């Protein structure tokens with residue numbers, strides 16, 4: 001059914017595109033948030049992606065590749081949002097993303113904080129690979145297809161991302177990171 | 001004996017946390033904007049009629065599945081808020097994010113690249129190529145997929161009334177003629193954002209009128225040297241001269257912003273002034289009205305300093321800028337009747 005919707009939307013059917021957008025919107029938001037770690041920017045990225053998808057849909061040759069194509073648009077939008085965020089965002093100290101849930105130990109909260117800090121040190125392209133693999137559960141070859149980059153590039157980015165996050169988890173808790181110096185690539 | 005946590009499990013559990021639902025307002029906004037956006041079609045596809053439909057957000061569950069696809073040729077037009085239509089030009093080439101199709105004509109950006117060694121060389125060659133309308137020379141200096149947006153501002157309010165784009169710097173589709181640089185540009189290098197930034201005062205002829213304004217473009221560092229990337233040209237109503245106090249006006253806005261005095265900032269700006277963060281769609285956020293007030297409020301902790309000598313061209317002023325969060329760039333303003341009508345920070 002999705003292929004038919006894509007073909008309709010490609011021909012200019014706004015109803016078909018609306019249905020596609022509704023079906024994809026939640027996942028796009030989830031991916032964008034996990035890459036950008038900022039809900040507002042993630043929403044902006046998703047909005048940009050959907051508008052761009054509508055505009056460029058006639059150029060999509062194979063409707064069966066709609067999901068991968070859409071993911072690629074989203075990742076590019078996330079890259080743009082990541083670059084834009086560096087201009088006017090005031091430096092703030094990172095706080096844990098969520099309040100401790102009932103039963104969460106201090107160690108769990110600290111773990112989240114360490115992962116968050118480590119993740120924010122990753123450039124957007126490494127974040128995207130990490131999210132597509134660990135959140136969406138795609139294999140590395142599938143990640144390469146979705147991001148439109150060579151498999152070797154994906155493996156390299158995953159290697160560096162994993163090393164950075166492992167190091168963040170093993171960091172000495174007595175040496176806090178200065179969050180204000182963390183940068184995006 | 002303790003076991004080391006499994007990294008993959010930790011990562012997956014951490015990533016599982018966080019929002020997973022797109023807010024309706026975001027979806028509605030996207031569909032509204034898409035409704036106002038024309039689809040871009042590959043060149044050479046046969047005509048088919050495009051059915052008009054109700055706005056996206058009202059297209060609820062009542063969709064039925066029918067068979068296959070139609071493609072319609074899309075004519076580019078103005079994306080501005082109104083006013084005279086942009087001149088017609090050949091349909092743009094596909095954006096870099098789309099899949100290539102056999103029916104597309106070869107993109108102009110396929111030419112071999114000849115990066116410049118320095119920004120001075122890049123600027124010299126770029127404006128020589130623009131002036132002589134040498135497409136090959138221009139595309140040899142352009143990043144693949146680089147787009148050029150031209151913004152003409154309204155004579156009273158600074159609102160953009162005409163916008164057109166020249167994909168991949170194909171001068172055959174560029175309506176600007178007799179492009180001539182006017183002196184030296186402002187150049188900002190070593191930016192934390194990674195790309196150098198240039199603001200060049202220039203004149204050109206468009207529809208038999210001589211226009212004055214600025215080119216603002218990013219410089220991309222590639223193997224072998226420098227290429228120019230995303231570019232925007234800004235020009236105002238021909239024949240207008242800028243307020244003699246233009247530099248004092250932008251400095252007053254800067255001082256008020258640094259002081260966190262939102263009302264004083266807005267007092268330096270016209271009632272429908274706009275602030276653009278970024279250069280050209282879609283890589284741009286635009287703020288006006290209450291959104292502008294909110295933007296100023298939330299960024300008032302960031303202090304701005306100017307460096308060097310501001311440049312004036314037509315009704316525009318450009319100033320090299322440093323923000324206290326480390327960002328370095330160029331602020332571009334249009335001044336009308338003693339007020340800032342447009343403020344751009346790429």
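A short reminder: the numbers here are calculations on the coordinates, not readings from a lab. Everything numeric in this text was worked out from a predicted model, so none of it was measured. Every residue, glycine as well, gets a Cβ built from its backbone with ideal geometry; the counts of neighbours run over all protein chains shown.
Overview of results
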| quantity | calculated |
| --- | --- |
| For the range B:164-312: Kirkwood Rh in Å [reciprocal of mean 1/r, alpha carbons] | 17.6 |
| Alpha carbon centroid spacing (whole Å) that separates the range B:174-213 from the range B:225-281 | 16 |
| Principal semi-axes in Å for the range B:198-260 [√(5λ), Cα gyration tensor, largest first] | 27, 23, 8 |
| Residue A:38 versus residue B:264: modelled label distance in nm, points set 7 Å from Cα along the beta carbon direction | 2.7 |
| Shape box of the range B:240-282 [Cα atoms, principal axes, largest first, Å] | 31, 30, 17 |
